[in-house]
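Note sheet for the following structure.
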Amino acid sequence: MPLLAIETSCDDTCAAVLDGPRVLSNVISSQSEHERYGGVVPEVASRHHLELAVPVVDAALADAGVTFGDLDSVAVTAGPGLIGALLVGLSTAKAIAAPRRLPLLPTNHLQGHVAANFLEPDPLEPPFLCLIASGGHTILAGVRDHQSFEILGETLDDAAGEAIDKAARMLGLGFPGGPELERLAASGDPEAFSFPVAMSRDPGLGFSFSGLKTALVYICRDLGEDGTAERAADLAAGFQAAVVGQLVSKVGRALDAEAWPAVALGGGVAANGPLREAVSSLCEERGIPFKEVSRELCTDNAAMIGSAARFVDPLVFPDYLSFDAFATGPRGGR
Ligand code: KG4
Ligand code: ZN
């Protein structure tokens, strides 16, 4: 029996229908409205989710060829994320589940990024090491079961995606900056400027991206507006290489510390081609399988929430009517 999953933790309104680990539909409506502000405006995101939630759910059901009557449960992202945005998804899920007396599966967004790797084709079974790199988080996760992960290391300041988005903005690119920065970097020379690969001598598994961002600020200031525009491709390539270099070196360090049988990725930054290639090469060197989850399942989507929800304890009607979303707090970790 199919499960409906809803994800609205940030600026993408997402719904998916799953049958076990099989994705029957996965609809993502990205809000372009935020581009003019250069970042996600929480209140604008909530209002757009309100407008988009019903059509996106309808599209997911239609794509999967099912109706509300066919569903056996409703999964929804409970947090972490933007509280107003989360509440729209949670209210939508309750409104669908309650009249049908369906169970509700409140799901952790970060566990969703991990669980994208549990989906068909080629589902990955724990244990494995997962690098979660998104707009809000950068975490090395030790995944030993389907329900949770251990935080082995995480960023001390900015998330990788947050730093990338800020760099893209400095280079005059749109929002979200990741895909545009990657495109621009492809024609640049990553060696043209020297960017610090932070934390490379740090023996731990933490990350730091704020120094890299500051380095770009100073380089752009020295180049001036025209110089920055002229050298934008080289700057993008150098910045991207420094982010990827740090992420990959910490994956290597985590593999030194523990013999993980496989490596996986999750989060929007994991859609980055050079990062995927670098982690793939590292795994090849070490003879460890690398699970290459599709790019569409790396950036926010509801299929990953449906995947994680399969391992969540269901809440029954009417208990979930008082269940609340959370902006920060449990991150799926232990
Ligand atoms: O997981 P996600 O979709 O949303 C959050 O949970 O934050 O991640 C969004 C982040 C943004 O910072 C975006 O710029 C970045 O992922 N991103 C990328 C790429 N695609 C998305 N970063 C680098 N290269 C990409 N191709
Ligand atoms: Zn995410």
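Worth a mention:
- Summary value for the chain: 25 percent relative contact order, contacts being C-alpha pairs under 8 angstrom separated by 6+ residues.
- A cut-off of 5 Å between modelled amide H atoms, ignoring neighbours fewer than 5 places along the same chain, links residue 119 with 124.
- Taking every C-alpha pair closer than 8 Å and separated by at least 6 residues, the mean separation divided by the residue count of the stretch 6-109 gives a relative contact order of 32 percent.
- Simple label model, 7 Å out from Cα along Cβ direction - residue 217 to residue 22, nm: 5.3
- Size of electric dipole in the stretch 215-334: Cβ of Lys, Arg +1 and of Asp, Glu -1, about Cα centre, debye, nearest 20: 360
- Counting only GluC sites (Glu not before Pro) that DSSP places in a loop and that have at most 13 other Cβ atoms within 10 Å, the longest clean stretch of the chain runs over 1-190.
- Using θ = phi - 60° and Karplus 6.51 cos²θ - 1.76 cosθ + 1.60, couplings along the stretch 168-179 (whole Hz; Gly, Pro as x): 4, 5, 4, 8, x, 8, x, 10, x, x, x, x
- The angle separating the long axis of helix 83-97 from the principal Cα axis of greatest extent in the chain is about 30 degrees.
- Mean residue ellipticity (222 nm) of the chain, computed from DSSP H runs ≥ 4 via -39,500 (n - 2.57), nearest 500: -13000 deg cm²/dmol
- Residue among 152, 265, 131 with the largest mean-square fluctuation in a Gaussian network model of the chain, springs linking Cα atoms under 10 Å: 152
- Counting only protein heavy atoms and using a 1.4 Å probe, the accessible area of residue 144 comes to about 100 Å².
- For the pair residue 144 and residue 1, the difference between a 0.36 nm per residue extended length and the Cα-Cα distance amounts to 48.7 nm.
- For the chain, carbon and sulfur atoms together expose 53% of the accessible surface, with a 1.4 angstrom probe and every protein chain in place.
- Of the cross-linked pairs 213/250; 94/166; 94/291, those separated by over 27 Å at the C-alpha level are 94/166; 94/291.
- For the stretch 126-292, fraction of C-alpha pairs farther apart than 29 Å, in %: 18
- For residue 31, the amide hydrogen comes within under 5 Å of the amide hydrogens of 13, counting only partners 5 or more places away or on other chains and with H modelled in the peptide plane.
- For the chain, the antiparallel share of DSSP beta bridges with both residues in that region comes to about 60%.
- Lys, Arg +1 and Asp, Glu -1 on Cβ, resulting dipole of the stretch 126-292 about Cα centre, debye, nearest 20: 220
- Theoretical FRET efficiency, 1/(1+(r/R0)^6), r = Cβ-Cβ of residue 200 and residue 229, R0 22 Å, to 0.05: 0.15
- Phi-based couplings in Hz for the stretch 39-53 (Karplus 6.51, -1.76, 1.60; Gly and Pro marked x): x, 7, 9, x, 5, 5, 4, 4, 5, 5, 4, 4, 6, 8, 4
- Tilt relative to the chain, helix 232-257 - C-alpha long axis, 0 to 90 degrees, to 10: 70
- Vicinal HN-Hα couplings computed from phi for the stretch 264-273 (Karplus, 6.51 cos²θ - 1.76 cosθ + 1.60; Hz; Gly/Pro x): 9, 10, x, x, x, 5, 5, 7, 6, x
- Distant-in-sequence amide contacts of residue 24, defined by a placed amide H-H separation under 5 Å and a gap of 5 or more residues or a different chain, comprise 17, 18, 19.
- Take the Cα of residue 321, step 7 Å toward its Cβ, do the same at residue 286, and the gap between the two points is 5.1 nm.
- With the whole protein complex present, residue 56 retains an accessible surface near 10 Å², based on a 1.4 Å probe.
- Of 271, 329, 242, farthest towards positive along the dipole that unit charges on Lys, Arg, Asp, Glu beta carbons give the chain: 329
- Contact order normalised by residue count of the stretch 126-292, Cα under 8 Å, 6+ apart, percent: 28
- Gyration tensor (Cα) of the stretch 1-132, equivalent ellipsoid semi-axes in angstrom: 23, 20, 13
- Given a 1.4 Å probe and the protein chains as shown, residue 67 ends up with an accessible area of around 80 Å².
- Student exercise, the chain dipole from Lys, Arg, Asp, Glu Cβ charges, in Debye to nearest 20: 540
- Distance from the alpha carbon centroid of the stretch 206-282 to that of the stretch 284-334 works out to 25 angstrom.
- For the stretch 99-204, the solvent-accessible area works out to 42 Å² per residue, with a probe of 1.4 Å and every protein chain left in place.
The values are calculated or read from the model by the stated rules, or taken from the named source; none is laboratory data. Given the structure is predicted, the values throughout are model-derived calculations rather than measurements. Using ideal geometry, Cβ is built from the backbone for each residue, glycine included, and neighbour counts are taken over all protein chains shown. Just the protein is used for accessible areas: all its heavy atoms, side chains included, with ligands, DNA and RNA removed. Shrake-Rupley method; radii C 1.70, N 1.55, O 1.52, S 1.80 Å.
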